[in-house]
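First the structure, in the form of structure tokens, and then the observations on it.
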Amino acid sequence: MKVLYKILPWFFLVLFATEIVAVLLPKADGRFHTAEFGRLPVLLNGRIQPFDSVARNSLLQMRSTGDVPLEEVPSWQFWHHPQKLKSTEWLLEVFFNPSVADTRPIFLIHHPDLISELKLDNKGVEKSGLRYYSYNELAPVLPEIAEQGRKADETEDALRTTYQKQVMKLANALVLYQRLKSSIEPEGTHDFTSVMAHYQASLPAAKAAFRAQQAGEKVDATTLQQFANVAKQFEDMANFAYPLVVPPVNPADKDAWMNVGASVLASIPDAKIQPAVGYFARMATAYEQADVAEFNSAVAGYKTWLATDFARVAAKGRAEYYFNQIKVFLHATIIYLVAFLLACGALLTFGLAPKLSESMRRSSFYLIVLAFVVHTFGLVFRMALEGRPPVTNLYSSAIFIGWGACILGMALERVYKLGLGSAVAGLAGFVTLLIAHNLALGGDTMEMLRAVLDTNFWLATHVVCVTIGYASTFVAGTLGLAYILLGVFTPLLSRKVGDTSPKSKTRDLTLGKAMAKMVYAIVCFATLFSFVGTVLGGIWADQSWGRFWGWDPKENGALMIVIWNVLILHARWGGLVRERGLMNLAVFGNIVTSFSWFGVNMLGIGLHSYGFMDAAFRWLMAFDASQVLLIALGLLPQRLWMSFRTTGPSDRTPAPILATHT
Amino acid sequence: MGDRLYRVFTSLRLTVTLLALGLILVFWGTLAQVQLGLYKAQNDFFRSFFIYWSPGQSSLRIPIFPGGYLIGWLLLINLFSAHFRYYQPGRKKYGIIMIHLGVVLLLFGQLLTDVLSTESVMHLRNGEMKNYSEVSRRYELAVVDTTDPQVDKVVAIPESRLLRAGDISHAGMPFTIRVAAFYSNSSLTETAATDHVQVQTTAGTGSGIWWRSLPRETDMDKRDMPSGIVELITPQGSLGTYLVSAYLTQPQNLTYNNRTYELRLRLERLYKPFTVHLLEFKHDKYPGTDIPKNFSSRVRLQRPDTGEDREVLIYMNNPLRYAGETYYQASFDPDDQGTVLQVVHNPSWLTPYFSCVLVGVGLMTQFSSHLFNFAAKRKAT
């Protein structure tokens, strides 16, 4: 038994570490080298990204998932992994085999009125109450969707109904899908290589005919007309294609990427088709004809061609592809959850089965450290990909808050080896990464920063400080709610946790008192960071538009956190609150922080309301209500608290600090 | 009684109460912005002593909640008196004193900013040169002596003076201006319209125009358009009555004693001893998108009295600080051919920087002393 307790922590650590290593190892490519294709770089939304990111973010916008399941398995059959089209595999179909892509269920509609309005009740596939439709199923009602979408678009943002928002989202998804279809070759093209060869061959004759016509000579109208028809197709592509896939003609001109259509038109004067277009044409033909060897050779050829002048860009594509595949944050989420459960087990069995408790506590702590390492790896990888400090948008703030909270939790665990710090770290890591996961469903999370935000200095100072302030306020609040739950429902708070030797100063230290010390320390920390962060924000505002403070909602949110932390400290110093009061105040800090983090963004609800934010608003309300309930629980008279029932009131101390001076 | 009051004002109970009220105020004021807009909510909630409530349509204003100024002042009084009451010399208190000093500095700095700072705007088209900025909400009646083609002599009469009516004279003007009527916000039409009356003037552009006064604008996005009728009186008699209005963009010319003058009601100008010349405005976007990457104005700064002449690049997060003023890239023309620079004169702009350092260092000393004590205690056990 004793050995088992010793082995358990290492067992957990090795188990999860092995899983992580397995995830990080490179994977073999398929028969078609789809992964190699997925790594190829393109320019979209102002940044270099691999085809895989284009595919993934497009799918997220259409279907709110990163890949396409080929069969629907009920959620409760979690052991049954459905066959899937991975994001890049799906994109290849869209590019080069659109007739098959048109049958894939990729358009999510979840508004019942919209479904019945479009008479789609009996079509599509259903999973967990969500319905997915293929392009072919929607094709008959395309005009109606476009019309409704246009109407919704004309409505003022604030007045749009959920129905209208759904219509707009669907209409946008359809446009995006059609743009993707004409990103590499004109829609409906067969054997793009021959088309391009033919085009290039006819170019001199067409140019000669054109010149002759300009000079007033008589020319064969059909030659010109045929050429004009082909050119028209490329012109449509130039206007409509989604990612810019052709690298700049002059490698030094980094931003001059083009789409295939524009590149082909630009090559008319000197009749030189860009090599990239040639490679893409070969890929298109080979994929269409299921010629695996030719496809792989075209991809490899393009990759080699890129290596001479576009090595950095290609490396960026590969790195981001790798990052997309390993899904580090997902794995960290799972480890955090397991660590949290183990830490809870350790806390609850503490006193009942001390050895088991210690073994679980240790396991939990090891896992927290592992999860933290994985989390840090992801965070740093993202920073390197973006070339930015950690927090640039709401998504990355969630990841960073979890990371900061995890550090604080680990620090607490090092000081008080109770499992409490690990529990906090595990819970914070799990919840924040879950929030981040949901925020990522909106699409690209590495979008470029608007002009005023384009400053690494202020992002690294102000934003980081404020976010650490959020994280620490949440940690204090989490400890507060742990205190209330443990106090009301278990006798644990009155357990002695200090050194029990008779001379020790911590002889009388109970879990409750220890937690009060933790909360106090964390609130101090939170005050420091939220104050400095808020003032730095004001200074940034002074630097960028000459106003230190403008009472803008986001500024006010930050100010509220500062005020609340300062209030807690003064209430504690004045002896206005003791242990339980401190905890209740700390829990209320969760509400204040959640308002600053998410709530103020929703005030604009009138202004920028998207489907997700509506859902997020409900979650925020639910969260705040739960915190209010916990505070109500915390206000119960002490005799109803299981922890204090037998030992009598223990929070007579500390005495007010300032009162002693009078 | 005095003793009790002293106890109340020095108590931490008051601090906590005020902080709680402050939290509610900030929260309420933030929510109110959705309805009232930023500007009005700011004035009603934060730059006021009380928040008022008017039941129904009545003109009654019942104070229902302390406003930002009241809470701020009470906190300051509380802070000073508490420090006075509890002050004890000793190294332990340095942190606390620094923190509170920093906070006081921050609050006073903001108060000074409210009182002392002026904001104006310099709008430049590509290639244009200016030696003044304009205050976007204040007007002035400019009488410009344009006789000398090299130098204009300007006498500017602020709107507040015009509103007081009566006669206005100035050494730089050979005539007296008598204000016959002045509306701080008005409507002008070229045809008879409801509530408008015909403008009665004897000179200038006034004939064939109808006007009426309007209530002042409260909307952040709109500005007042004042108009008035003035008479120019010389020792030899009247030169006639003129309509002056923010709607009239062209100056009205007149001659007197062989000198030519221009008369114009315009945005109040703040003249500088230097000129700013816009060489090029740039609006960069990320490739393949409409997402703005940067806005920048390359300007040439020339100051005749010092011979200074240099090029400066003003862009986002990088303003030009010069001669006690700061020039920020604020906006631009829709055709990308012109820039709008926000010009802020704020003598107390540095206070937040000092305050941030004071409070930051103070908090760190205070908390780290707690932490060291704690660590020492744990080690001792």
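Just so it is clear, none of the values below were taken in a lab; they were calculated from the coordinates. As the structure is a prediction and not an experimental result, all values here were calculated from the model. Here Cβ is always computed from backbone atoms with ideal geometry, including for glycine, and neighbour counts include all displayed protein chains.
Tabulated results
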read-out	value
Ellipticity estimate at 222 nm from DSSP helix runs (n ≥ 4, -39,500 (n - 2.57)) divided over chain A, nearest 500	-21500 deg cm²/dmol
FRET efficiency, 1/(1 + (r/R0)^6) with R0 51 Å, evaluated for B:GLN302 and A:ALA290 via beta carbons	0.10
Residues of the range A:158-175 with amide N under 18 Å of the 7 Å Cα→Cβ point at A:ASP113	A:158-171
Check: the protein assembly as shown dipole with +1 on Lys, Arg Cβ and -1 on Asp, Glu Cβ, in debye	5600 debye
Between 0 and 90°, nearest 10: helix A:142-154 axis offset from chain A longest Cα axis	60 degrees
Peptide B:314-327, shielding by other chains (average Cβ, 10 Å cutoff)	3
B:SER48 paired with B:GLU128, simple spin-label distance in nm, labels 7 Å along Cα-to-beta-carbon	3.7 nm
Least to most buried among A:GLU579, A:GLU137, A:GLU154 (fewest other Cβ within 10 Å first)	A:GLU154, A:GLU137, A:GLU579
Listed residue (B:LEU263, B:PRO149, B:LEU162) projecting farthest to the positive dipole end of the range B:137-268, Cβ model	B:LEU162
Share of pairwise Cα separations in the range B:66-191, more than 22 Å, in percent	66 percent
Selection from A:ALA300, A:GLN233, A:VAL94 lying farthest towards where the dipole of the protein assembly as shown points positive, charges on Cβ	A:ALA300
For peptides B:207-213, A:556-562, sequence by mean Cβ density within 10 Å, most packed first	A:556-562, B:207-213
Per-pair calculated FRET efficiency, R0 = 60 Å: A:ARG639 and A:GLU154 via Cβ, rounded to 0.05	0.45
Chain B, helix-only ellipticity at 222 nm - DSSP H runs n ≥ 4, -39,500 (n - 2.57), divided by all residues, nearest 500	-10000 deg cm²/dmol
Label-point gap, in nm, between B:ASP309 and A:ALA215 - each point 7 angstrom along Cα→Cβ	5.5 nm
Shielding by partners - mean other protein chain Cβ count within 10 Å, residues of B:130-141	0
Per-residue average of Cβ from other chains inside 10 Å of A:393-400	0
Radius ratio Rg over Rh of the range B:137-268, counting only Cα atoms, Kirkwood formula for Rh	0.97
Taking the C-alpha atoms of the range B:1-106, convex hull volume expressed per residue in Å³	124 Å³
Pairwise centroid distance, computed over Cα atoms, of the range A:130-160 with the range B:94-141, Å	48 Å
The range A:278-346: trypsin sites (Lys or Arg not before Pro) in DSSP coil with no more than 15 other Cβ atoms inside 10 Å	A:LYS327
Derived scalar couplings ³J(HN,Hα) [the range B:286-292; Karplus, 6.51 cos²θ - 1.76 cosθ + 1.60; whole Hz; x for Gly, Pro]	5, x, x, 9, 9, 6, x
q = 0.06, 0.08 Å⁻¹, the protein assembly as shown: log10 I(q)/I(0) [Debye, one scatterer per Cα]	-0.64, -1.05
Per-residue ³J(HN,Hα) for the range B:339-353, Karplus 6.51 cos²θ - 1.76 cosθ + 1.60, θ = phi - 60°, Hz, x for Gly and Pro	10, 10, 9, 8, 10, 10, 10, 9, x, 9, 5, 7, 4, x, 5
Order of A:VAL100, A:VAL566 - criterion: other Cβ atoms within 10 Å of each residue's Cβ, fewest first	A:VAL100, A:VAL566
Order of B:LEU279, B:LEU141 - criterion: other Cβ atoms within 10 Å of each residue's Cβ, fewest first	B:LEU279, B:LEU141
Förster-model FRET efficiency, 22 Å R0, B:ASN253 and B:VAL154, C-beta, rounded to 0.05	0.90
Computed label-point distance, nm, for sites B:SER117 and A:LYS27 using a 7 Å Cα→Cβ extension	5.3 nm
